[in-house]
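Novice: Structure provided below as structure tokens; questions to follow.
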Amino acid sequence: MLAFRLIMMLFGLLAGWAAGHALALRMGDPEVGQVNTLSLMLAGALAALLLAPRAERLAAQGLARLSRWYAGLSPRTVAAATFGLLVALLLSVLLGNLLRGLPFYSWVWSVLVTLILAAFFVPFATRHADAFGLLAFPQVRRKPGSKILDTNVIIDGRILELARSGFLEGELVVPGFVLRELQVLADHADPQKRTRGKRGLTVLEDLRGVRPLRVEDWDDPQLSTVDDKLVRLARETGGKLLTNDGNLGKIARLHGLEVLSMHAVAVALRPQVQAGDHLTITVTKSGQQQGQGVGYLEDGTMVVVEDGLKFRGKSTRVLVVNNVQTNVGRMIFAKVDKNDAA
């Protein structure tokens, strides 16, 4: 960078001038001092020009580290550090008034006391930065009732049908770091991971057509894992975490968060009657096929019994063969238990 090298040459000239001026005062000869000063200024400028590339690289690395450190600062940490420094300054003023009565007092003691108090209170406050959340500006919009989607539940895909059915209420929120994780998976060299990533992006695209979907561009560089970021985001927004990860659900509940699990929903909606179960029903009418009998459970579920018409009006024990869920309800297909028929 030209500007940086010019600044370096300027510093070299100033350093050469200062060294030449100090040397001229010792020698006492003005003419020789001027020649030495010009020579030292030229030497300083040339030395700065030679060292400028390496100094430029070091400065670029330092600026990069400073930028990463600055980007990693959270509002809570800044608020905590500011509060700790404020307490240190107030206490240093009070202690300074007390120290002024001592015979050996000087301004150095005030500065030293301030530095000691700041070295104690600032790190202490930053370690407990969560307690200063009210002093920081909020980073995310707080909307209680919103659903924060996890990577696993997006790739699972069942959320799409749940949203279409109208049972999923509230605003759907996709964190920006979850989108980045899906993008990394979609570009992965492993075919299985690449397929999972592409499926997740496709599900989000279809989900946006069904329900309003908000992308929350929030991140906390201090948290290394996606699970920790999801928990922190749910705590700050007051939203519910929608996930299929059992361990993440346990951790979120320990933090007092509400967790919705697609697996728990699937288990709750699982049919109570499975293939191989035995039922006792009364065949009340004939079915569409010849010899079929039709009966009903207490909840009104239709049971179609193969060759069950001959048991019409009788209480019959049947064996469930299949359980079919249709748009109009559930149908059970069964056959007469051989032992009961005998």
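Bear in mind these aren't lab numbers, they're just calculated from the coordinates by the rules spelled out. This structure is a prediction, so every number in the text was calculated from the model and none was measured. Because the Cβ atoms are built from the backbone with ideal geometry, glycine has one as well, and the counts that use them run over all protein chains shown.
Novice: Can you tell me the orientation of helix 226-237 relative to the chain, as the angle in degrees between its alpha-carbon axis and the longest Cα principal axis, to the nearest 10?
Specialist: Helix 226-237 and the main axis of the chain meet at about 90 degrees.
Novice: Between GLY291, ASN322, ASN244, whose Cα lies farthest towards the positive end of the dipole of region 241-327 when Lys and Arg beta carbons carry +1 and Asp and Glu beta carbons carry -1, centred on the Cα centre?
Specialist: GLY291
Novice: So if we plug the beta-carbon distance of GLN274 and LYS250 into 1/(1 + (r/R0)^6) with R0 = 30 Å, what FRET efficiency do we get, rounded to 0.05?
Specialist: With R0 = 30 Å, the Cβ-Cβ based efficiency is 0.55.
Novice: Helix-only mean residue ellipticity at 222 nm, the chain, DSSP H runs n ≥ 4 weighted -39,500 (n - 2.57), per residue, nearest 500. What is it?
Specialist: Value at 222 nm, helices only: -18500 deg cm²/dmol.
Novice: Give the shape of region 201-342 as rounded, prolate or oblate, defined through the alpha-carbon gyration tensor: a ≥ b ≥ c are the square roots of its eigenvalues, a/c under 1.5 means rounded, and otherwise the shape is prolate if a/b is larger than b/c and oblate if not.
Specialist: Note, shape of region 201-342 comes out prolate.
Novice: Here is a follow-up. Using the Cα gyration tensor of region 1-131, with a ≥ b ≥ c the square roots of its eigenvalues, what is the shape: rounded (a/c below 1.5), prolate (a/b larger than b/c) or oblate (neither)?
Specialist: Taking the square roots of the gyration eigenvalues as a ≥ b ≥ c, region 1-131 is oblate.
Novice: Using the Cα centre of the chain as the reference point, and only Cβ charges (+1 on K/R, -1 on D/E), how large is the resulting charge dipole? Debye, rounded to the nearest 20.
Specialist: With Lys and Arg at +1 and Asp and Glu at -1, about 400 debye.
Novice: Taking square-rooted eigenvalues a ≥ b ≥ c of the alpha carbon gyration tensor, is region 153-253 rounded, prolate or oblate, where a/c under 1.5 means rounded and, failing that, a/b exceeding b/c means prolate?
Specialist: Judged from the Cα gyration tensor, region 153-253 comes out oblate (a/c at least 1.5, b/c at or above a/b).
Novice: Could you identify which residue out of ARG317, ARG211, ARG194 has the top mean-square fluctuation in a GNM of the chain using Cα springs shorter than 10 Å?
Specialist: ARG317
Novice: Right, next: In nm, to one decimal, how far is the modelled label at SER165 from the one at THR202, with both set 7 Å along Cα→Cβ?
Specialist: 2.2 nm
Novice: Next question, about the same structure. What residues qualify as long-range amide H neighbours of ASP277, i.e. H under 5 Å apart, gap of 5 or more or another chain, H built at 1.01 Å from N?
Specialist: Result for ASP277 returns VAL320.
Novice: Can you tell which of LEU40, LEU230, LEU85 shows the greatest fluctuation in a Gaussian network model of the chain with Cα springs below 10 Å?
Specialist: Greatest mean-square fluctuation among the candidates belongs to LEU40.
Novice: Also, quick follow-up: Mind checking which of VAL174, VAL111, VAL87 has the largest fluctuation in a GNM of the chain, springs on alpha carbons under 10 Å?
Specialist: Among VAL174, VAL111, VAL87, the largest mean-square fluctuation in the Gaussian network model of the chain belongs to VAL111.
Novice: Another question about this same structure. Residue by residue through region 109-117, what is 3J(HN,Hα) from phi via Karplus (6.51 cos²θ - 1.76 cosθ + 1.60, θ = phi - 60°)? Round to whole Hz and write x for glycine and proline.
Specialist: Running phi through 6.51 cos²θ - 1.76 cosθ + 1.60 with θ = phi - 60° gives 5, 5, 5, 5, 5, 4, 5, 5, 5 Hz.
Novice: Residue-wise, which Karplus ³J(HN,Hα) couplings in Hz belong to region 57-69, taking 6.51 cos²θ - 1.76 cosθ + 1.60, θ = phi - 60°, and x for glycine or proline?
Specialist: So the J values, rounded to whole Hz, are 5, 4, 5, 5, 5, x, 5, 5, 5, 5, 5, 5, 5.
Novice: Within the P(r) computed for the chain, what percentage of the Cα pairs occupies the region above 35 Å?
Specialist: The proportion of pairs with Cα distances above 35 Å equals 62 percent.
Novice: So what is the relative contact order of the chain, in percent, for Cα pairs below 8 Å that sit 6 or more residues apart?
Specialist: 10 percent
Novice: Something else: I need the phi-derived Karplus couplings for region 36-43: 6.51 cos²θ - 1.76 cosθ + 1.60, θ = phi - 60°, integer Hz, Gly and Pro marked x.
Specialist: For region 36-43, the Karplus curve yields 5, 5, 4, 5, 5, 5, 5, 5 Hz.
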